Every structure is written in structure tokens, then in C-alpha cells.
Amino acid sequence: MENIMKYIDRISRAAELYRAGKLEPYAVNGRQSIYIQAICRNPGISQDELAKKLFVNKSNVARKAAVLEESGLITRRTGETDKRRLELYPTGKAQDLLPVIRAAVEQYNEIVCEGLGEGEREQLLALLKQLSLKAAQAAGGGEAAD
């Protein structure tokens with residue numbers, strides 16, 4: 001069987017570049033948009049939880065969070081019950097940017113799925129969800145990020 005990861009990686013990298021192009025006027029890159037979406041969906045998520053959800057190193061989350069905070073897109077707060085816990089919250093600026101990010105994601109989905117019928121799209125999505133769950137399990141996580 002041919003290496004499917006080659007194609008999954010290529011699609012992912014191209015998606016990041018596409019988002020970066022669409023978000024350039026907002027001074028946000030493709031990778032940052034993933035963090036913004038996750039934090040907007042999960043206000044108060046800890047840096048550790050975000051690292052697990054996105055399958056990245058904790059140090060990557062800390063660096064990205066610092067940049068997003070400097071940009072006024074998120075705030076970091078110490079947890080009330082655990083002072084070692086850093087919780088991430090979206091700002092109004094991030095919430096305002098969320099529809100733009102979602103539109104870029106939707107546009108990209110339409111571009112890459114052009115020519116596929118509705119049944120094929122549903123089948124592709126079901127297969128990708130299945131692969132995502134197996135990938136998360138293989139990486140030592142329980143569920144794949146939403």
C-alpha cells in the first residue's frame with residue numbers, strides 16, 4: 001500500500017499555507033489560527049490540555065500562547081484552584097477573527113473537495129474521522145481533537 005501519510009501531510013501543509021494567505025491581513029498565520037479556534041471553542045483550557053488536544057509539545061503551546069497574548073488575541077490566567085495551571089481565554093479580538101478563520105477553512109474544504117459528490121464527501125469525512133481517532137490512540141491520546 002502506498003504511504004497515505006504523504007498525502008495527509010501534503011493536504012495539511014497546503015491548508016496551513018492557504019489559511020496563512022487568507023489571514024495575512026489580520027497578522028495571523030495558519031498555525032496560530034488552529035490555536036485560536038481551539039481556545040475559542042474551549043475558553044479556560046489549560047496550556048497542558050491544549051497541547052494534548054493539538055498533539056503538540058507543551059513548550060510549543062507556551063510559545064504560541066505568548067505570541068497570541070502579545071497580539072491581543074488571548075489572555076493567560078493562573079488557575080483559581082491550581083496556581084501552576086495557566087488557563088487560556090480568547091479576547092474579543094479573537095472572537096471577531098473566528099468567523100474569518102472559519103470562512104477560510106470552509107473555502108479550503110470546498111476547493112479540495114471540488115468534484116466530489118455529497119456521498120463521496122460524507123464517506124471521505126467518515127474515513128478521516130476514523131483515521132483521526134486511530135492516530136490519536138497511536139499517539140497515546142484518547143480522542144482526536146475536534
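The values are calculated or read from the model by the stated rules, or taken from the named source; none is laboratory data. The model shown is predicted, which means the values in this text are computed figures rather than measured ones. Cβ coordinates were reconstructed from backbone atoms using ideal geometry, including for glycine residues, and neighbour counts include every protein chain displayed. Note: accessible area is taken over every heavy atom of the protein model, side chains too, but ligands, DNA and RNA are not part of it. Shrake-Rupley method; radii C 1.70, N 1.55, O 1.52, S 1.80 Å.
Of everything in region 55-73, what is within 27 Å of Ala136 (Cα to Cα) and among the polar types (S, T, N, Q)? Give them in sequence order. Of everything in region 55-73, those that are within 27 Å of Ala136 (Cα to Cα) and among the polar types (S, T, N, Q) turn out to be Asn57, Ser59, Asn60. Selection of first residues in region 121-145 that are over 22 Å from Tyr35 (Cβ atoms) and of second residues that are surrounded by 13 or more Cβ atoms within 10 Å (Cβ to Cβ) and modelled with pLDDT of 90 or more, restricted to Cβ pairs under 7 Å at least 6 apart or on distinct chains, gives the following pairs, ordered by first then second residue: Arg121/Cys113. In a residue-by-residue description of region 25-35, the property of being among the hydroxyl-bearing types (Ser, Thr, Tyr), at pLDDT 95 or above and open to solvent by less than 70 Å² (accessible area, probe 1.4 Å) applies to at least one position.
When Thr91, Thr81 are checked against the criterion of being open to solvent by less than 50 Å² (accessible area, probe 1.4 Å) and of a type in the set (Ser, Thr, Tyr), a single residue qualifies: Thr91. Listed by first and then second residue, the pairs linking a residue in region 8-37 that is farther than 27 Å from Glu49 by Cβ to a residue that is surrounded by fewer than 16 Cβ atoms within 10 Å (Cβ to Cβ), with Cβ atoms under 6 Å apart and 6 or more places separating them unless they lie on different chains, form an empty list. Exactly one residue out of Ala66, Ala104 is surrounded by 11 or more Cβ atoms within 10 Å (Cβ to Cβ) and touching a Lys or Arg at 6+ places or on another chain (Cβ under 6 Å): that is Ala104. The numbered conditions (1) buried (at least 20 other Cβ atoms within 10 Å of the Cβ); (2) in contact (Cβ under 8 Å) with a residue 24 or more places away in the chain are all true for Ser71 except (1).
Considering the conditions (1) out of contact with any strand residue (DSSP E or B) (no Cβ under 9 Å at 6 or more places or on another chain); (2) polar (S, T, N, Q); (3) without any contact (Cβ under 8 Å) to a residue 40 or more places away in the chain, Thr78 is excluded by exactly one of them, (1).
Taken across region 107-125, residues that are farther than 25 Å from Gln47 by Cβ and surrounded by 15 or more Cβ atoms within 10 Å (Cβ to Cβ) do occur, with at least one present. Return the residues of region 53-63 that are under 12 Å from the mean Cα position of the chain (by Cα) and open to solvent by 50 Å² or more (accessible area, probe 1.4 Å); say none if nothing qualifies. Passing the criteria: Lys53, Phe55.
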